[in-house]
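Undergrad: This is the structure I want to talk about, given as structure tokens.
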Amino acid sequence: GQQVMQIPQYQHVQEGEDFTTYCNSSTTLSNIQWYKQRPGGHPVFLIQLVKSGEVKKQKRLTFQFGEAKKNSSLHITATQTTDVGTYFCAGIMDSNYQLIWGAGTKLIIKP
Amino acid sequence: EAGVVQSPRYKIIEKKQPVAFWCNPISGHNTLYWYRQNLGQGPELLIRYENEEAVDDSQLPKDRFSAERLKGVDSTLKIQPAELGDSAVYLCASSLDLGDSSSYNEQFFGPGTRLTVL
């Protein structure tokens with residue numbers, strides 16, 4: 001079936017280091033959304049990407065949508081303790097407009 | 001403005017019992033989603049409503065799960081009978097989607113209902 005694979009499952013970083021999570025779809029996406037979920041909380045919308053090759057920035061966060069609209073990434077520069085949480089992508093399938101979520105990447109800041 | 005409201009926040013039941021969850025979306029939001037989230041996993045879409053119409057219920061286990069959104073506002077998700085594997089957090093989300101069923105906008109999530117089936 002249609003899947004959105006997200007890697008890595010976990011990433012441990014020192015505060016100040018960068019963080020990247022990747023989403024890959026088995027089929028072409030119409031658009032993709034990114035969410036952040038803090039421990040014990042609910043997902044909070046970060047951004048939606050629609051266009052092929054699109055790049056959007058929010059302060060230290062950079063979001064990219066691949067040229068083929070099958071992959072996407074989120075990069076955080078110089079992580080801070082407030083960035084801790086799990087980052088999810090949610091892809092909308094171009095074929096049937098089904099919404100499929102990735103399994104998330106958990107960002108852990110090393111003490 | 002109030003966010004998405006869900007109740008109850010926590011529910012503990014024995015297997016084979018019925019359970020129901022309620023969601024009130026953000027005022028004016030026409031699209032409502034029910035998700036199930038297991039620990040350490042992403043949300044799994046169970047059903048999506050556009051107003052009172054279920055436009056995607058392909059992943060709803062219809063043998064035991066049912067949902068309704070009769071007046072296109074609040075919604076109820078029911079499980080009958082519950083099984084041990086149904087233990088999870090049930091999330092409701094809403095959005096304002098002005099296009100057809102292929103358009104998705106920012107989803108606002110409620111706090112969820114944590115279900116434990118013993």
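The values are calculated or read from the model by the stated rules, or taken from the named source; none is laboratory data. Computed from a predicted structure; not experimentally measured. Cβ coordinates were reconstructed from backbone atoms using ideal geometry, including for glycine residues, and neighbour counts include every protein chain displayed. Areas reflect the complete protein model, heavy atoms only, side chains present, ligands, DNA and RNA absent. Shrake-Rupley method; radii C 1.70, N 1.55, O 1.52, S 1.80 Å.
Undergrad: Sketch the reach of a paramagnetic label on residue B:116 as a point 7 Å from Cα along Cα-to-Cβ, and name the residues of the stretch B:1-41 whose backbone nitrogen lies under 15 Å away.
TA: So the set is B:9-15, B:39.
Undergrad: Using a 1.4 Å probe on protein heavy atoms only, how many Å² of accessible area do A and B hide from each other, summed over both chains and rounded to 100?
TA: Counting both chains, the buried surface is close to 1500 Å².
Undergrad: May I pose another question? Rounded, prolate or oblate for the stretch A:34-111? Axes are the square roots of the Cα gyration tensor eigenvalues, ordered a ≥ b ≥ c, and the cut-off for rounded is a/c under 1.5.
TA: The shape class here is oblate.
Undergrad: Rounded to the nearest 5, what is the percent of antiparallel bridges among the DSSP beta bridges in chain A?
TA: The antiparallel proportion sits near 90 percent.
Undergrad: May I ask you to give the average projected area over all directions of the convex hull of the Cα atoms of the protein assembly as shown, in nm² rounded to one decimal?
TA: Result: 12.8 nm².
Undergrad: Determine, from the Cβ-Cβ distance of residue B:52 and residue B:84 and an R0 of 41 Å, the FRET efficiency 1/(1 + (r/R0)^6), rounded to the nearest 0.05.
TA: On the way: r = 32 Å, r/R0 = 0.79.
Computed FRET efficiency for residue B:52 and residue B:84 comes out at 0.80.
Undergrad: Same structure, new question: Contact order normalised by length for chain B, with contacts defined as Cα pairs under 8 Å and 6 or more residues apart; what percent is it?
TA: 36
Undergrad: With the contact rule set at Cα under 8 Å and sequence spacing of 6 or more, what percent relative contact order holds for the stretch A:1-101?
TA: Value for the stretch A:1-101: 34 percent.
Undergrad: Strictly greater than 24 Å: what percent of every Cα pair in the stretch B:22-118 meets that?
TA: The proportion of pairs with Cα distances above 24 Å equals 16 percent.
Undergrad: Expressed as a whole percentage, what fraction of the accessible surface of the stretch B:1-107 belongs to carbon and sulfur atoms when a 1.4 Å probe is rolled over the protein heavy atoms?
TA: For the stretch B:1-107, the apolar C and S fraction of the accessible surface comes to 48 percent.
Undergrad: Could I ask something else about it? Just to be sure I understand the interface: list residues from the stretch B:66-105 that lose 50 Å² or more of accessible area between the chain on its own and the complete protein assembly, 1.4 Å probe.
TA: B:102, B:104
Undergrad: Would you mind calculating the relative contact order of the stretch A:36-78 from Cα pairs under 8 angstrom and at least 6 residues apart, reporting the percent as a whole number?
TA: Reported relative contact order: 27 percent.
Undergrad: Turning to a different aspect of this structure: Do any GluC sites (Glu not before Pro) in the stretch B:11-118 lie in a DSSP loop with no more than 11 other beta carbon atoms within 10 Å, and if so, which?
TA: On the way: sites: B:14, B:44, B:50, B:52, B:53, B:68, B:83, B:106; in loops: B:14, B:52, B:83, B:106.
Listed in order of number, the matching sites are B:14.
Undergrad: About its Cα centre, how strong a charge dipole does the protein assembly as shown have in debye, to the nearest 20, once Lys and Arg get +1 and Asp and Glu get -1 at the Cβ?
TA: Values: 23 positive and 23 negative charges, 118 e Å.
For this selection, approximately 560 debye.
Undergrad: Residues of chain A: accessible area per residue at 1.4 Å, in Å²?
TA: Working: 5370 Å² over 111 residues.
I get 48 Å² per residue for this part.
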